Structure formats: structure tokens, C-alpha cells
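Colleague: A single structure is presented below for examination.
The values are calculated or read from the model by the stated rules, or taken from the named source; none is laboratory data. Note that the structure is a prediction, hence the values are computed from the model and not measured. Glycine gets a Cβ as well: all are built from the backbone with ideal geometry, and neighbour counts include every protein chain shown. Side chains are part of the model used for accessible areas, which takes the heavy atoms of the whole protein and leaves out ligands, DNA and RNA. Shrake-Rupley method; radii C 1.70, N 1.55, O 1.52, S 1.80 Å.
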Amino acid sequence: MPPDQPPRTALPEPPDTDASAPGGGYPDSVDYSDYADYEAEPTAPTRRRPSQLPAQRIRWGLLAIAIGAVVAALATMLISGFRSSHGLEAHDPGSTEPTGRAHSAFGSARPGDCLAWSTPKALDLTKVNCADKHLFEVTAEIDLSKYPGREFGPGSRFPDMLRFSELRDEHCAPAAATYLGGKLDPRGRFVVGIINPGEPGWAHGDRTIRCGLQLVSATGNATQQAVGRVRDSDQSRTFEIGQCIGIAQSLPTNEAVDCAKPHAYEVMSVEDLGAHFSGPPPAKDDQDKFMQDECGKVINDYLGGQDALLAKTLTAFWDNIDARSWLVGSRKLNCFVGKGSQDGFSTITGPAKADILIDGQAPVPPPTSGRSTPAPLPGAAPPR
């Protein structure tokens, strides 16, 4: 790759991967055939019991979460990759001297290396210690020139983004599964990505792609940082307590934002199902019962009780851990608080513990007792 051109990324794999897609399956070391499909589906609400959350306050968010996963798959089509005419000089961890082309971060990256950059065009792409913040963990390097046929031979045309996404599915998805010993959570935080050498590098004969794992938001933003190697991390798609998750077109972006800004929901807690369940994947009904009890307790601690939840017309909800995620070690779920809308989520402004606006308006608490008086019909006499 010429020294004056940085690499660029192709499409990261959509967060909710279809394991049945070509190249998207997982090794035989984990048999998923006996378990149901992992897509999140809305389920019937649990019956109301004393001291538990009202049934109408539960699980409306799951459908929107599932829709959000589809949006994430579509949003990744917007990623254009790294483009720049500036030089790309990289430093290995601990090094103080710039390296040449043969030892650039892209050219020398090997499986297990972690890469980071701080500029939108990755002008300062460098190797970093995986214990530090990074954007990409390399799982494989693949020289396409070694494959038979003319598609990747000398003088061949630079593939378009669709072709690179196919190469990601064909080569990088299996490489990630092999790299992790078959333990890649198909609904987890990390998705499969690919870095290609860029069109100028391709024109100079560079045919090597780097496969890796990265964090990607539902809007296609691949600038979220990870800490630690994926194999040593809980891959559960969870957020930190107190974080608010952004909103775009009535759907969550999976990116944390300031709670004073518009958002879809707020994180009240992180619950570890591994402390309660052991052995095979717990049934969804059992997970719901556990999460219903835990989220009910959290509402008291986080908001001051269910009355506060109802006064702000908010809803408590959670997701489920599917069988495939459980089998690779994911154990954590969030308790969220937000409000549904006809199209997905209402837009909330302000932290749930303080005054909030919902779709730009202050929430109107429901009547606390008795029946509410309906608005009079047009032309009716005013009440006396």
C-alpha cells in the first residue's frame, strides 16, 4: 500500500447476524440447532401480581429493539471508510520513532493486534495495547491474491462496498468465530468488520484485507471504543447505569448521549443472570420473572418508586438473553426506563430522576383515584 494513502474500512457486520447466511455460521464446537431463533420478539406481558410492575409497563420495548437491529443492518451501508491523501505513519506501543511503510499499523497488523485512531480519516491509525481503548481488534489477515481466478489478480478492479461486505461475510465472519473458539455472541456488543487497503493501495498491488471485531452503533458509527480483548470480555450488549441512549427516527441509536439531550431510554441497572441461573439457557418466561422482580426493585432505588414511574408516564422494560448468547457466555441485561410510541420510542429530554419532557411536552400524570372526567363534547354545556 502506498505510504500516502491510509486504509479504509468496508462494512462492519450488522449487529444482529443471521448465522444461516453464507459465511455467517459458527463452528461445530457449539451446537445451536436445538434452540429457537434468536431474534427478539414481543411476548405476552406477565400477569400482574402484588408488588410487581404493572403488566402494561412491561416489554413494549422489545419490538422496537428488534426493529433497531434491522435499522443497524441498514445503517451500516452509510459507512464510506477512510479516505485521505495525507501520509499514514504508525507507532507500535512503546515506540517513539515513526515507522516506514513496511511496518505501518495496517501493513503489519496481525491477529490479536488492536488498532486505534482519533481522527475521522484515521490519519493517526496506530497499534495499541488491547488493555487500552481501541477501535478494532484484528482477527485475521487474508491475502486475496492467493485465491484462484482473475477477480483479485493484477490489474483487477477495486471491489465496491457491496463486494467488500460479501468478503466480510465469506471470510471475516468465520475468521472471527475461529479466533474466539466459536464463542462470538450473535447478539452481543461486538460485530465483525473488515479493513481493506484502499483503492490506491489496490492499484499498487496490495490485496490484503484485515478482519476484526469492533463496536458499531445502530446509526453505523464505528467510533465506539472497547477496552480489553473480546475473548476476555462479557459480550452482552449492555450499557452503564445512568447512561441515556440516543434516538433517531423514533428508534434507539445504541450510542450513549448526555441525558439532557433527546434520547430513547435511560439505563437503571445492569443485572447478572449468571448469579441466578446456572446450566442450560433459562427459558424466556424464567428470565422475565427474574427481570420483572429485579427491575421492580430498581425502580424503587432509582426513581423512588412506581408512583414516580407512573407520574412521569414512563415504562420499565428489558431484553432477553437468547440461547446462542447464553452458550457463549453472555449473562447480563439492563433494566431500562423510557416510553413507547406508535413508531417505536418517544423522545425524552432530561434525566429520569429529574424533570423531563416527552416529545417536547411535560408528562401529564394519570388520575390517582376514581374515574377521570372526559373532555366535554363540542357544544355541550359547561359543568356546574
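Colleague: May I ask you to say which residue of ASP234, ASP206 is farther than 30 Å from GLU271 by Cβ, touching a residue at least 12 places away in the same chain (Cβ under 8 Å), open to solvent by 10 Å² or more (accessible area, probe 1.4 Å) and in a loop (DSSP other than H, G, I, E, B)?
Modeller: Only one candidate qualifies: ASP206.
Colleague: Can you find even one residue in region 105-120 that is more than 17 Å from GLY212 (Cβ to Cβ), surrounded by fewer than 16 Cβ atoms within 10 Å (Cβ to Cβ) and modelled with pLDDT of 75 or more?
Modeller: For region 105-120, residues more than 17 Å from GLY212 (Cβ to Cβ), surrounded by fewer than 16 Cβ atoms within 10 Å (Cβ to Cβ) and modelled with pLDDT of 75 or more: present.
Colleague: Of the numbered conditions (1) under 25 Å from SER325 (Cα atoms); (2) at pLDDT 90 or above; (3) in a strand (DSSP E or B), ASN254 satisfies every one except a single condition; which is it?
Modeller: (2)
Colleague: Restricting attention to region 151-173, does a residue exist that is over 30 Å from ILE299 (Cα atoms), part of a strand (DSSP E or B) and touching a Lys or Arg at 6+ places or on another chain (Cβ under 7 Å)?
Modeller: no
Colleague: Across region 341-352, what is the total count of residues that are open to solvent by 30 Å² or more (accessible area, probe 1.4 Å) and at pLDDT below 95?
Modeller: 3
Colleague: Then there is this: Looking at region 174-185, which of its residues are open to solvent by 10 Å² or more (accessible area, probe 1.4 Å), of a type outside the set (Val, Ile, Thr) and not in a loop (DSSP other than H, G, I, E, B)?
Modeller: Of everything in region 174-185, those that are open to solvent by 10 Å² or more (accessible area, probe 1.4 Å), of a type outside the set (Val, Ile, Thr) and not in a loop (DSSP other than H, G, I, E, B) turn out to be PRO174, ALA175, TYR179.
Colleague: Going through ALA323, ALA308 one at a time, which residue ends up being in contact (Cβ under 8 Å) with a residue 24 or more places away in the chain and among the aliphatic types (A, V, I, L, M)?
Modeller: Of the residues listed, the single one that is in contact (Cβ under 8 Å) with a residue 24 or more places away in the chain and among the aliphatic types (A, V, I, L, M) is ALA323.
Colleague: Under the condition of being of a type in the set (Ser, Thr, Tyr) and surrounded by fewer than 24 Cβ atoms within 10 Å (Cβ to Cβ), which residue from region 242-266 is nearest to ASN334 (Cα to Cα)?
Modeller: Among residues in region 242-266 that are of a type in the set (Ser, Thr, Tyr) and surrounded by fewer than 24 Cβ atoms within 10 Å (Cβ to Cβ), the one nearest to ASN334 (Cα to Cα) is THR253.
Colleague: All but one of (1) open to solvent by 20 Å² or more (accessible area, probe 1.4 Å); (2) at pLDDT 90 or above hold for LEU213, so report the exception by its number.
Modeller: (1)
Colleague: Something else about it: Under 7 Å between Cβ atoms, which residue pairs at least 6 apart in sequence (or on different chains) link something in region 130-156 that is under 17 Å from ASP113 (Cα atoms) with a partner that is of a type in the set (Lys, Arg) and crowded, with 18+ Cβ neighbours inside 10 Å?
Modeller: Close Cβ pairs satisfying both conditions: VAL138/ARG210; GLU141/ARG210.
Colleague: Let me ask you something else. Look through region 186-203, keep the residues that are among the aliphatic types (A, V, I, L, M) and open to solvent by less than 10 Å² (accessible area, probe 1.4 Å), and return whichever of them is farthest from SER156 (Cα to Cα).
Modeller: Among those that are among the aliphatic types (A, V, I, L, M) and open to solvent by less than 10 Å² (accessible area, probe 1.4 Å), it is VAL191.
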